[in-house]
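Here's the structure we're looking at; comments come further down.
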Amino acid sequence: MTEFDSIRPYNDDEVRGAIDSLLHDRQFSHILKSMVPLPIGISRGILRLSTVGIHSTLGFQLRFMKPVVKHILRRCSTGYSFTHDGIAPGPERYTFLSNHRDIVLDSAILDVMLNKDNFPTTCEIAIGDNLLIYPWIRTLVRLNKAFIVQRSLPMREMLRASQVMSRYMHFAIQEKHENIWIAQREGRAKDSSDQTQVSLLKMLAITGEGGTAGAIASIKELNIVPLAISYEYDPCDYLKAQEFQQKRDDPTWKKSKQDDLTNMKTGIFGQKGHVHYETGRPVNTWIDTLADLPEKDFFQMLAQRIDAEIHRCYRLYPGNYAAADLLQGNQAHARHYTSAELNAFELYLDSRIALVDLPLPDKTFLRERLLTMYANPVINKERTNS
């Protein structure tokens with residue numbers, strides 16, 4: 001299928017050459033050595049030994065990526081869990097549509113959890129080309145079963161690129177029998193208020209014809225499962241708060257390549273507390289209830305229903321409830337945390353603000369931004385439940 005060559009992961013017969021290319025990339029070696037050493041080693045010889053016998057992208061994920069991710073979770077979290085009521089290991093393949101908490105780890109942790117719970121394969125991963133800032137990153141993600149979302153195209157070319165990606169996702173599910181992971185929106189929600197982009201849903205259904213009925217048929221082929229990702233602590237919370245102030249103080253400010261790398265590294269190796277993944281009700285079990293809606297209203301309601309599934313499946317931690325009360329100036333959620341947990345969370349906020357690297361940090365503003373990040377999951381879940 002040459003139509004997909006510009007965006008697809010490596011084919012299995014390309015894997016060995018791609019691994020060799022990665023092992024000989026000096027920048028990749030330098031980046032590894034600048035990060036926390038991993039148990040598989042960082043020298044070129046040990047890296048080469050760790051990849052002997054890998055001849056498929058699935059093999060690369062299980063032999064190379066899985067030990068790395070499990071090491072990160074042991075070192076940088078207090079534990080992790082996966083609840084997947086409504087789906088089970090078997091012949092079905094799923095498109096996991098999730099909120100976005102970490103640039104690198106969202107899909108990587110999901111792969112570890114799927115493997116642990118005996119699902120027959122991992123996921124192909126949608127990743128934006130804006131993150132492929134160096135050749136070695138493109139090589140690494142394509143080895144890790146990533147397909148490329150082309151975001152840096154002229155407007156007139158975006159429609160065709162969206163059509164190609166939609167066709168590829170249907171091909172991956174229907175013909176390759178792969179799972180897919182894709183974020184519900186472009187980029188992370190900096191304030192942790194997760195909302196599905198209607199334009200993304202329209203892209204997923206772009207292969208369908210015939211109004212709402214065609215859109216439903218196209219969406220059903222992808223077997224979408226809403227997925228909620230909950231971190232007790234966001235390693236990048238202070239970087240996000242810093243970005244809010246930078247954009248407030250200078251509306252023209254934009255992140256640099258170094259900023260992206262800093263976010264990636266901090267997200268991977270920062271402390272996360274407990275990490276929880278939970279699936280909502282598969283879209284195919286309820287999408288037919290929207291069949292009578294006009295097409296425009298259908299996509300809006302589909303987005304709202306997916307959001308509700310994600311919000312309903314959040315795991316909330318004492319810090320989330322404490323943040324909601326501190327932000328709103330009350331004790332409405334005091335039953336969900338102790339005074340010691342409240343004090344610990346306030347100390348945590350102070351420690352994060354201290355990490356902000358700005359000439360004139362606005363501590364009041366930064367505190368409000370951090371509180372909002374941790375409070376929004378509570379607000380969204382309570383709104384959904386009500």
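All of the numbers you see were taken from the coordinates with simple rules; none came from a lab. Here the structure is a predicted model, which is why all the values come from computation and not from measurement. Cβ atoms come from the backbone with ideal geometry, glycine included; neighbour counts cover every protein chain shown.
Side notes on the structure shown:
- Potential lengthening of the chain between Arg63 and Glu186 amounts to 41.3 nm, from the contour at 0.36 nm per residue minus the alpha-carbon distance.
- Amide H to amide H distances under 5 Å link Tyr233 with Gly273, His274, where only residues 5 or more positions off or on other chains count and H is placed in the peptide plane.
- Cβ crowding within 10 Å ranks Glu382, Glu157 as Glu157, Glu382, fewest other Cβ atoms first.
- Ordering 58-68, 245-255, 227-237 by mean Cβ neighbour count within 10 Å, with the highest value first, yields 227-237, 58-68, 245-255.
- Order of Arg26, Arg352 under a 10 Å beta carbon neighbour criterion, fewest first: Arg26, Arg352
- Residues whose amide H comes within less than 5 Å of that of Leu227, counting only those at least five positions distant or on another chain, are Leu97, Ser98, Asn99, Gly280 (H built at 1.01 Å from N in the peptide plane).
- Annotation for Gln246 and Gln174: the two label points, set 7 Å from Cα along the Cα-Cβ direction, are 4.3 nm apart.
- Full-extension gain in nm, Asp117 to Arg156, via 0.36 nm per residue minus C-alpha separation: 9.7 nm
- Cβ crowding within 10 Å, taken as a proxy for footprinting-reagent exposure, orders Met301, Met373 from fewest neighbours to most as Met301, Met373.
- Ordering of 14-23, 178-187 by burial proxy (mean other Cβ atoms within 10 Å per residue, highest first): 178-187, 14-23
- Three-way shape call for the stretch 99-142 based on the alpha-carbon gyration tensor, with the a/c threshold at 1.5: prolate
- Gly128 long-range amide H proximity, modeled H, under 5 Å: Val149
- Counting 0.36 nm for each residue step from Thr262 to Val164 and taking away their Cα separation leaves a gain of 32.1 nm.
- When the Cα atoms of the stretch 106-252 are aligned to their principal axes, the ranges along those axes come out at 47, 42, 32 Å in descending order.
- Calculated FRET efficiency, Arg16 to Arg312, Cβ-Cβ distance, R0 = 30 Å: about 0.10 to the nearest 0.05.
- Cα-projected label distance for Leu358 with Thr83, points at 7 Å along beta-carbon direction, nm: 3.6
- Cα shape, the stretch 236-345, gyration tensor, a/c 1.5 rule: oblate
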